[in-house]
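The values are calculated or read from the model by the stated rules, or taken from the named source; none is laboratory data. Everything quoted here is computed from the prediction, not taken from an experiment. A quick note on method: Cβ atoms are made from the backbone with ideal geometry, for glycine too, and the neighbour counts reach across all protein chains shown. Side chains are part of the model used for accessible areas, which takes the heavy atoms of the whole protein and leaves out ligands, DNA and RNA. Shrake-Rupley method; radii C 1.70, N 1.55, O 1.52, S 1.80 Å.
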Amino acid sequence: MPTEYAGVRNGTEQLPPPAELLRAFREPDGPNHHRHGVLSAARELVECHERRNTAIEAAHAPGAPAGRVAACSLLVEDIDGHRAELVGRIDTWVADNVEHRGGASLHTETLGAVIDRLAAKWIAAQRALRRTPQQRTHPVQVDGEAHLQWCRLAELTDGYRDLITDVTEHRRRLPVW
């Protein structure tokens, strides 16, 4: 199981382990972002989800004028288009760099889709921690919400670790389009 980011092994780049993926989410200028295409795209996905959530909040703000709602809707569409491009970039990297063993069980999602879901959950977990006391209706509820978001992120991270382990050990293959 890959536990440390080895970068290049046997002449090909390796799938980034969960710790490096989470570091890319957290650190805009992390040391490995520019060296690994998946980490660079993962960081951009986090930025897309942050901008997307901000636009949705602005559109749903009490008394938001129709013009703002329309502008936010267009912005969300643009962001989702960019997210699709980033997912495609990750999936192209997988097609070019990951050995796919025939006969291995096929995973239902591409790696890009998995990382996009992780990026969205990262933002949800971060936002749950940033809520101000004025935004809280009950401290226990918010603590519970933050706990729930972080538990879900941990579960997705464990699933990612299991997936890349299975792919690396040729027990599972990723869809390649």
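Are there any pairs with C-beta distances below 7 angstrom linking a residue in the range 122-138 that is at pLDDT 85 or above to a residue that is in a helix (DSSP H, G or I) and open to solvent by 30 Å² or more (accessible area, probe 1.4 Å), with the two at least 6 apart or on different chains, and if so which? From the range 122-138, the pairs are I123/E50; I123/N53; A125/W150; R127/N53; A128/E145. Taking the conditions (1) over 17 Å from I115 (Cα atoms); (2) crowded, with 17+ Cβ neighbours inside 10 Å in turn, A70 satisfies each one other than (2).
Of all residues assigned to the range 33-54, at least one qualifies as being part of a loop (DSSP other than H, G, I, E, B) and surrounded by fewer than 19 Cβ atoms within 10 Å (Cβ to Cβ). A55 meets all of the listed conditions (1) under 18 Å from the mean Cα position of the chain (by Cα); (2) of a type in the set (A, V, I, L, M); (3) modelled with pLDDT of 95 or more but one, namely (1). The residue that is nearest to L118 (Cα to Cα), counting only those in the range 1-29 that are open to solvent by 80 Å² or more (accessible area, probe 1.4 Å) and at pLDDT 50 or above, is R26.
The number of residues in the range 115-126 being open to solvent by less than 10 Å² (accessible area, probe 1.4 Å) and over 14 Å from R83 (Cβ atoms) comes to 1. Here G88, G81, G112, G63 are screened, and the one residue that is touching a Gly at 6+ places or on another chain (Cβ under 9 Å) and surrounded by fewer than 18 Cβ atoms within 10 Å (Cβ to Cβ) is G88. State whether one or more residues within the range 68-77 are at pLDDT 95 or above and under 26 Å from W177 (Cβ atoms). Yes: one or more hits. Taking L111 and the conditions (1) free of Cβ contacts under 8 Å to residues at least 40 places away in the same chain; (2) over 12 Å from C48 (Cβ atoms), which numbered condition does it fall short on, given that it satisfies the others? Among (1) free of Cβ contacts under 8 Å to residues at least 40 places away in the same chain; (2) over 12 Å from C48 (Cβ atoms), L111 violates only (1). The number of residues in the range 143-158 that are open to solvent by 40 Å² or more (accessible area, probe 1.4 Å), closer than 14 Å to R117 by Cα and not hydrophobic (A, V, I, L, M, F, W, C) comes to 3. Give me the pairs: first residue in the range 144-172 and closer than 16 Å to V94 by Cβ and in a helix (DSSP H, G or I), second residue modelled with pLDDT of 90 or more and among the basic types (K, R), beta-carbon distance under 8 Å, and six or more apart or on different chains, which are they? Short answer, once both residue conditions are applied: L163/R172; D166/R172; V167/R173.
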